[in-house]
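Taking it in order: structure first as structure tokens, then the write-up.
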Amino acid sequence: MTVKRWIAIGIAALVLVISGAFQLAMTVASASFSDMIDLDGGDFRQEIMEVGSNGQIAVIDLNGMIMDTGADDGLFASGGYNHRTFLQKLETAMEDTMVDGIVINVDTPGGGVVESASIHERVVRAQEEYDTPVYISMGGMAASGGYYISAPADYIAAHPATMTGSLGVIMDSINFSELAEEWGISHEVIKSGDYKDMGSPTREMTDDEEAILQSMVDDMYEDFVKVIVDGRDMPESEVLELAQGQIFTGNQALENGLIDGLGDLEHTIEHMEEQLELDATVIHYTNSFGTGSIWGLMAEAVSGDNLTLSHLEELVTHSSAPRLMYLYQE
């Protein structure tokens, strides 16, 4: 690496440190201790959005693809959706006896079947075990897994232009067998059973393998349909007509009974206050100061091409294996 590049990296790192320190200082200066309550572990904090005379509403954001990447919110964590932290926020809110209701602000194309199911389970538990109503405010997109986690909510609101729906399951994988053959690349596999390398990217899928994977998709599809039937109290025949993978606008979703009203986050909070007869203090469960994303950028600047190649390798490795997804794909 040349001296000029080291100097450039050093300058970039210094700028990031100064920027992070300034951001931190401005955050502390603009919020009093009554407006910012650090929770144990420091994974997220609570900020007061609105002060009321009685009751409390918790607002939790769900932004990005619903995937558990295994990444921790450590020093070099990057921004975006963190499954563990989101579940922690939801559990903290439902277990807090001061919280009268929870509003989840959703903006996601969906994600993993298992991750979506874990959120859905906690929404239902908040309602049944803690008697805490859960409302959903849909942002720009709340598709597939985003709708799966919304279905059991007591009230769902969306913007007229929100993209929602995409009710169904998808499983895809990359197949580069023809490309490998063209380049003279062979992939030798020793396996204990005929289906051990099912979905391999280096060979064509057999009819039997396709049938097995299709049965898995069908199984999860039945679960998705049941979630909507139970959550929205809709006839199964009606849900099956809607659950063909198509996307809906907020207006269309309202017409089809998939949501309860049109409006933004503020509307959803106000509706909850009206229904619960509250003049609530609204608490936003938000991420910590954001140093993770800053340090992540610094790590990328210092690591250069090695970090990019590492991410690319991880993407290819994970993408080559079929995975059940509640995901809207354009």
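Computed from the coordinates by the stated procedures, all read-outs in this text should not be read as laboratory data. Remember, it's a predicted structure, so these values are computed and weren't measured experimentally. Methodologically, a virtual Cβ is constructed for each residue, glycine included, from the backbone with ideal geometry; neighbour enumeration extends over all protein chains shown.
Quick notes
- Exclusive hit being within 13 Å of the chain's Cα centre (by Cα), free of Cβ contacts under 8 Å to residues at least 40 places away in the same chain and under 20 Å from HIS271 (Cα atoms), set ALA126, ALA142: ALA142
- Counting only helices (runs of 4 or more DSSP H) that fall entirely inside the stretch 172-246 and contain at least 3 residues that are touching a residue at least 24 places away in the same chain (Cβ under 8 Å), the qualifying elements are 207-232.
- Scanning the stretch 264-278 for residues that are among the aliphatic types (A, V, I, L, M) and part of a helix (DSSP H, G or I), we see that the one that is surrounded by the fewest Cβ atoms within 10 Å (Cβ to Cβ) is LEU276.
- Unique match (being free of Cβ contacts under 8 Å to residues at least 60 places away in the same chain and assigned to a loop (DSSP other than H, G, I, E, B)) among MET98, MET94: MET98
- In summary, SER118 fulfils each of the numbered conditions (1) buried (at least 23 other Cβ atoms within 10 Å of the Cβ); (2) not in a loop (DSSP other than H, G, I, E, B) with the single exception of condition (1).
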